[in-house]
Amino acid sequence: MKIPAEKIKNLAKEIGFSDCGITNILVEQEVKKFYKNWIENNFNAEMKFLENEFEKRFEPKLVFPKAKSVIVFIINYYYKDYSSEEYKISKYAQGSDYHSVVKDRLRQFSEILKQEYLDFESYEFCDTAPVFEKYFASQAGLGFIGKNRCLISPKFGSWVFIGGIFCNAEIETDSKLDIYCGDCDICIKSCPTGALSSKGLDADKCISYHTIENKNEVPENIRKKITNQLFGCDICQDSCPYNKNPIQTSCVEFLPQEKVYNLDFEELANISNKEFSRLFKNTSLLRAGRKKIIINFENINYNRNK
Ligand code: SF4
Ligand code: SF4
């Protein structure tokens with residue numbers, strides 16, 4: 001079955017994706033080697049799930065045996081940062097949790113195609129499967145992977161979520177963009193903990209990792225570098241020249257929610273975990289959890305009062 005690329009791209013626009021590109025299912029050996037080294041260097045810290053299903057990340061047919069093409073989508077999420085200078089919430093987390101928002105749109109996309117192409121079969125992913133999404137996005141011409149390890153779209157900067165579909169259709173592929181970071185190393189220099197290098201992002205040195213994923217105590221050398229990062233860290237993105245003139249999102253689900261950017265810490269300290277889950281349902285804050293956010297708050301105040 002063949003589907004015209006133009007049809008795919010028009011449908012992506014109608015559904016509300018910011019951009020869409022198509023690529024094949026082959027993954028370059030160099031990419032696999034880079035990832036293998038990254039894991040061997042323990043740059044994934046305690047995120048052991050990144051070591052699982054290693055081969056699947058580089059072989060889409062192990063995830064979806066009928067895969068012939070990869071359709072990749074980005075949605076721009078940038079909106080004015082409402083979190084206070086004292087307690088910063090990473091911009092991606094101020095609206096609704098992107099996993100469900102993007103996945104809903106991907107499913108909608110596939111359902112519409114299935115109505116016209118009865119044999120169309122697909123597998124949707126958005127940070128929900130062992131898939132190297134940034135790689136496929138760059139192969140599909142949606143941007144390039146910057147030294148801050150984010151996908152950078154020339155139009156939307158790195159303020160984008162990526163979603164994709166493996167499908168059994170043959171579709172004309174897009175070309176890679178011919179833009180890179182070049183000599184720029186602003187993000188590497190701006191990172192307060194030295195987490196970025198040519199070997200990739202060392203999660204064990206990254207404030208974002210330590211304020212969200214790390215379930216243990218934050219090491220002292222990292223903790224003392226935390227100034228106002230309550231959930232995540234945007235420094236290496238804020239400093240990137242491609243992010244200087246961001247385009248505001250038109251996706252209402254990503255508009256900042258006051259309960260997230262203006263957290264009531266007294267309330268947080270007094271509610272149960274169950275109540276926290278109810279209050280912050282459908283937001284990324286659940287990933288860290290109530291206790292972690294309280295600890296992050298205490299760490300910021302500890303440094304401030306020293
Ligand atoms: S998120 Fe923050 S700590 Fe992590 S690499 Fe970027 S600037 Fe460094
Ligand atoms: S700051 Fe410079 S080096 Fe870093 S991602 Fe942006 S363009 Fe690339």
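The values are calculated or read from the model by the stated rules, or taken from the named source; none is laboratory data. Computed from a prediction, not measured in an experiment: that's the story for all the values here. For neighbour counting, all protein chains shown are included, and Cβ atoms are generated from backbone atoms with ideal geometry for every residue, glycine included.
Report, by residue number, each residue of the range 192-209 that is surrounded by fewer than 18 Cβ atoms within 10 Å (Cβ to Cβ) and either near ligand 1 (Cβ under 9 Å from one of its atoms) or assigned to a loop (DSSP other than H, G, I, E, B) (or both).
Result: PRO192, GLY194, SER198, LYS199.
Would the range 100-107 turn up any residue that is of a type in the set (D, E, K, R), in a loop (DSSP other than H, G, I, E, B) and surrounded by 19 or more Cβ atoms within 10 Å (Cβ to Cβ)? Walk me through it before giving the result.
Narrowing the range 100-107 to residues of a type in the set (D, E, K, R): 103-105, 107.
Checking the rest, the ones that are also in a loop (DSSP other than H, G, I, E, B) come to none.
Within the range 100-107, not a single residue is of a type in the set (D, E, K, R), in a loop (DSSP other than H, G, I, E, B) and surrounded by 19 or more Cβ atoms within 10 Å (Cβ to Cβ).
Residues that are loosely packed, with under 14 Cβ neighbours inside 10 Å and among the basic types (Lys, Arg): does the range 6-16 have at least one? I'd like the intermediate steps shown before the answer.
Residues of the range 6-16 loosely packed, with under 14 Cβ neighbours inside 10 Å: 6-7, 10, 13-14.
Cutting the leftovers down to among the basic types (Lys, Arg) gives us 7, 13.
Scanning the range 6-16, I find at least one residue that is loosely packed, with under 14 Cβ neighbours inside 10 Å and among the basic types (Lys, Arg), so the answer is yes.
I'd like to check something: does the range 158-175 contain any residue that is of a type outside the set (A, V, I, L, M, F, W, C), within 14 Å of ligand 1 (Cβ to nearest atom), closer than 15 Å to ASN148 by Cβ and at pLDDT 95 or above? If you could, list the steps in order and put the result at the bottom.
Residues of the range 158-175 that are of a type outside the set (A, V, I, L, M, F, W, C), as a first pass: 158, 163-164, 168, 170, 172-175.
If we keep only those that are within 14 Å of ligand 1 (Cβ to nearest atom) as well, we get 158.
Next, only the ones that are closer than 15 Å to ASN148 by Cβ stay: 158.
Within this subset, residues satisfying the condition of being at pLDDT 95 or above are 158.
Yes.
When the residues of the range 220-250 are filtered to those that are farther than 17 Å from LEU151 by Cβ, of a type outside the set (A, V, I, L, M, F, W, C) and outside any loop (DSSP other than H, G, I, E, B), which remaining residue is farthest from ligand 1 (Cβ to nearest atom)?
Applying the filter and picking the extreme gives GLU220.
Quick one: which residue in LYS80, LYS114, LYS103 is farther than 26 Å from GLY200 by Cβ, out of contact with any helix residue (DSSP H, G or I) (no Cβ under 7 Å at 6 or more places or on another chain) and at pLDDT below 95? Reasoning before the result, please.
Numbers: LYS114 fails: at pLDDT below 95; LYS103 fails: at pLDDT below 95.
Just one listed residue meets the conditions, LYS80.
Quick grid of which residues meet (1) in contact with a strand residue (DSSP E or B) (Cβ under 7 Å, 6 or more places away or on another chain); (2) under 25 Å from CYS187 (Cα atoms); (3) in contact (Cβ under 8 Å) with a residue 40 or more places away in the chain; (4) not β-branched (Val, Ile, Thr):
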| position | (1), (2), (3), (4) |
| --- | --- |
| TYR79 | no, yes, yes, yes |
| SER90 | yes, yes, yes, yes |
| TYR98 | yes, yes, yes, yes |
| LEU113 | no, no, yes, yes |
| ALA140 | yes, yes, yes, yes |
| ILE152 | yes, yes, yes, no |
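Report yes if some residue within the range 118-133 is assigned to a helix (DSSP H, G or I) and not hydroxyl-bearing (Ser, Thr, Tyr); otherwise report no.
Yes, there is a match, as at least one residue in the range 118-133 is assigned to a helix (DSSP H, G or I) and not hydroxyl-bearing (Ser, Thr, Tyr).
Enumerate the helices (runs of 4 or more DSSP H) found wholly within the range 258-306, keeping only those where 1 or more residues are of a type in the set (Phe, Trp, Tyr) and touching a residue at least 12 places away in the same chain (Cβ under 8 Å).
Output list reads 258-261, 265-270, 273-279, 290-305.
If you scan the range 190-218, which residues turn out to be more than 23 Å from LYS33 (Cβ to Cβ) and free of Cβ contacts under 8 Å to residues at least 12 places away in the same chain?
Those that are more than 23 Å from LYS33 (Cβ to Cβ) and free of Cβ contacts under 8 Å to residues at least 12 places away in the same chain: GLY194, GLU217.
Restricting to the range 156-191, count the residues that are within 13 Å of ligand 2 (Cβ to nearest atom) and surrounded by fewer than 16 Cβ atoms within 10 Å (Cβ to Cβ).
9
Within the range 220-266, count every residue that is under 18 Å from PHE156 (Cα atoms) and either among the acidic types (Asp, Glu) or exposed (fewer than 15 other Cβ atoms within 10 Å of the Cβ) (or both).
10
Being within 16 Å of ligand 2 (Cβ to nearest atom) and in a loop (DSSP other than H, G, I, E, B) is the filter here, so list the residues in the range 134-155 that pass it.
LEU142, GLY143, GLY146, LYS147, ASN148, ARG149, CYS150, PRO154, LYS155
Quickly run through the range 33-64 and pick out the residues that are crowded, with 17+ Cβ neighbours inside 10 Å, more than 20 Å from CYS167 (Cα to Cα) and of a type outside the set (A, V, I, L, M, F, W, C).
Within the range 33-64, TYR35, ASN44 meet the criteria.
Could you pull out the residue among GLU258, GLU253, GLU213 that is within 24 Å of ASN148 (Cα to Cα), modelled with pLDDT of 95 or more, under 23 Å from the mean Cα position of the chain (by Cα) and of a type in the set (D, E, K, R)?
GLU213
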